[in-house]
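The values are calculated or read from the model by the stated rules, or taken from the named source; none is laboratory data. Just so it is clear, the model here is predicted, and its values are computed rather than measured. Because the Cβ atoms are built from the backbone with ideal geometry, glycine has one as well, and the counts that use them run over all protein chains shown. Heavy atoms of the whole protein, side chains included, go into the accessibility calculation; ligands, DNA and RNA do not. Shrake-Rupley method; radii C 1.70, N 1.55, O 1.52, S 1.80 Å.
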Amino acid sequence: MRDPKHPKLWTVLFAIVAVAYLFPILLVLINSFKGKVFVSSEPFALPNAETFVGLENYITGIAKTDFLSSFGWSLVITIGSAFLILLCTSMTAWWIVRTDNRFAKSLYIVFLFNLVVPFQMVMFTLSWLTDYLGLGNPFGLWIVYLGFGAGLAVFIFTGFVKGIPTEIEEAATIDGCGPVRTFFLVVLPIMKPAVITVAILEVMWLWNDYLLPYLTLDMRKYKTVPIAVQYLKGGYGTVDMGAMMGVLVLAMIPVIIFYLFSQKHIIKGVVAGAVKG
């Protein structure tokens, strides 16, 4: 519990935690402007006249990894999967709460079970299944990610919907709204904090995921940003560390921007989804 008698101590502790989280990002940013030799030999030193190479690492990384193509496919996969997860799971959570029968409760337990099953248990079967069903492409991954991302999303949305008064929906029904219009015109706007929270969590997971696309996508046609970074490895395990630092910075920028614009909603949504009802 926070001790109000020592506010300065807590401020120092929070500052230390913040620095611990930000230090790896700053280290990558600093090394992205240094020559690849100096990234390994002087990783903690600031760039100087000898080590500074400007944007050379970024240009090299983009050229070696075909970064723009990988960035585009990552964008398609992330946006499409996140949209599908938000749409389907928000409607599912609303139905589970408002139906409140044995089948709905059993379905909710299945979604919760989805949270505790590690991906490694099903990855080989999943790889075979996606290939068999023809889902080994960026658009097929929307369906695969919907299955893996539904558990957490339904959990948060369900908790939030329990806090929405049913009288609001009853008033919409009296005004002539059917279930679909009631959800999209009345319920969904109220769920905005939870929607943004789930969107942040899902987007950060989808954008940074390496293993699932690597197992399912045809590498000759499609690569995501994490996979493209891996291709900077040369023969005998050699790595162009300078180019890798540059590409990592470019890969982090979209998620950081998205998070900065949405962060004020995340705590509100997580708390609402965890304690209501």
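Using a 1.4 angstrom probe on the protein heavy atoms only, line up LYS162, LYS8 by accessible area, largest first. Present the calculation step by step, with values, prior to reporting the outcome.
Numbers: LYS162 100, LYS8 165 Å².
Per-residue accessible area, sorted high to low, gives LYS8, LYS162.
Using a 1.4 Å probe and counting only protein heavy atoms, arrange TRP94, TRP73 so the residue with the most accessible area comes first.
The residues order as TRP73, TRP94, largest area first.
If the cut-off is 20 Å between C-alpha atoms, which aspartates and glutamates fall inside it for LYS34, apart from same-chain ones fewer than 8 positions away?
Hits, sequence-local ones excluded: GLU42, GLU50, GLU56, ASP240.
Could you pull out the pairs from LYS8/LYS192; LYS8/LYS264; LYS223/LYS264; LYS105/LYS192; LYS36/LYS264 whose alpha carbons sit more than 26 Å apart here?
The answer is LYS8/LYS192; LYS223/LYS264; LYS36/LYS264.
Which value in nm describes the separation of the simple spin-label points at ALA63 and LEU260, placed 7 Å from the Cα toward the beta carbon?
3.0
In debye, nearest 20, what is the charge dipole magnitude of the chain about its Cα centre with +1 on Lys and Arg Cβ and -1 on Asp and Glu Cβ, if you could check?
Values: 19 positive and 15 negative charges, 89 e Å.
The dipole magnitude comes to about 420 debye.
Express in nm, to one decimal, how much length is gained between GLU50 and MET252 on full extension, taking 0.36 nm for each residue of separation and deducting their alpha carbon distance.
Details: separation 202, 0.36 × 202 = 72.72 nm, distance 2.68 nm.
Extra length from GLU50 to MET252 when fully extended: 70.0 nm.
What is the mean projected area of the alpha carbon convex hull for segment 52-133, to one decimal in square nanometres?
Details: hull surface 37.6 nm².
With every direction weighted equally, the projected area is 9.4 nm².
In nanometres, what is the gap between the two model label sites at ARG181 and LYS105, each 7 Å from Cα along Cα-to-Cβ?
3.4
Can you list the DSSP H helices in the chain whose Cα atoms extend at least 20 Å along the helix axis and whose mean Kyte-Doolittle hydropathy is -1.0 or higher?
Taking the DSSP H segments of the chain (at least 20 Å long, mean hydropathy at least -1.0), we get 7-31, 67-99, 102-116, 140-161, 192-208, 241-275.
How large is Rg/Rh for segment 63-104, to two decimals, with Cα atoms and a Kirkwood Rh? Show your work: numbers first, answer last.
On the way: Rg = 17.6 Å, Rh = 12.7 Å.
Here Rg/Rh amounts to 1.39.
Which order do ARG220, ARG181 take by accessible area at a 1.4 Å probe, largest first?
The ordering from most to least exposed comes out as ARG220, ARG181.
With all protein chains present, calculate the accessible area of GLU170 using a 1.4 Å probe and round the result to the nearest 10 Å².
Estimated to the nearest 10 Å², GLU170 gives 100 Å².
Which parts of segment 152-183 would a label at LEU112 reach, counting a residue when its backbone N lies under 17 Å from a point 7 Å out along Cα-to-Cβ?
The answer is 152-163, whose backbone nitrogens lie closer than 17 Å to the label point.
Can you tell me the order of 28-40, 74-86 when each peptide is scored by its average per-residue count of other Cβ atoms within 10 angstrom, highest first?
The packing order, highest mean first, is 74-86, 28-40.
Would you mind computing, in nm to one decimal, how far apart the modelled labels at LYS221 and SER127 are, each placed 7 Å from Cα along Cα→Cβ?
1.9
Between segment 21-65 and segment 164-185, what is the C-alpha centre distance in whole Å?
Taking the Cα centre of each part, segment 21-65 and segment 164-185 sit 55 Å apart.
Using a Förster distance of 41 Å, how high is the FRET efficiency between MET204 and ILE174, based on the Cβ-Cβ distance and rounded to 0.05?
Working: r = 41 Å, r/R0 = 1.00.
Plugging the Cβ-Cβ distance into 1/(1 + (r/R0)^6) gives 0.50.
Among THR11, ALA194, LEU135, whose Cα sits farthest toward the positive end of the charge dipole of the chain (+1 at Cβ of Lys/Arg, -1 at Cβ of Asp/Glu, about the Cα centre)?
Farthest towards the positive pole: THR11.
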